[in-house]
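Comments concern the structure below.
The values are calculated or read from the model by the stated rules, or taken from the named source; none is laboratory data. These numbers come from a predicted model, not from an experiment. Every residue, glycine among them, receives a Cβ derived from its backbone with ideal geometry; neighbour counts consider all protein chains shown. Note: areas computed on protein heavy atoms with side chains; ligands, DNA, RNA excluded. Shrake-Rupley method; radii C 1.70, N 1.55, O 1.52, S 1.80 Å.
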Amino acid sequence: MQVKLYAKKIWLYRQAVDFRRGIDGLLGLLSTDGEPHLREGIYLFYNSHRDKVKCLTWHKNGFMLLYKRLEKGRFDFSEMGKKGMIEMTETELGWLLAGLEWQKMRQWEELNYDKFS
């Protein structure tokens, strides 16, 4: 048996949303922004206080909504506020959920050398 592995794209909605919205309300935001393939991605949303994140994704036979609340501090969404979405990597998502400054860390590049002196 072959297993088909693929990674979903991760998208962050660039504006704070009302966290009273559930699955249908968040899907409504995405469909009004012209996102045609809602089952193919992982979509992240944040609240205006920047201490909560919701993650919306399709899982086999329905949408799933995950929620994270920081008990101390705020998530770093300092470069947001524009319309639309920004694509993230799995690594950036990990940084974000850990409460790190993921937007600054995405500038970091790994150094590779063929020779060492």
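Accessible area per residue for the range 39-102 is 61 Å², calculated with a 1.4 Å probe on protein heavy atoms, without ligands, DNA or RNA.
Is there a pair in 9/72; 8/72; 8/104; 52/83; 82/104 whose C-alpha atoms are over 27 Å apart, and which pairs would that be? Beyond 27 Å between Cα atoms: 9/72; 8/72.
The listed peptides 57-68, 8-19, ordered by packing as a protection proxy, come out as 8-19, 57-68 (highest mean of other Cβ atoms within 10 Å first). With 0.36 nm allotted per residue and the present C-alpha distance subtracted, the residue 51-residue 112 stretch has 18.3 nm of extension available.
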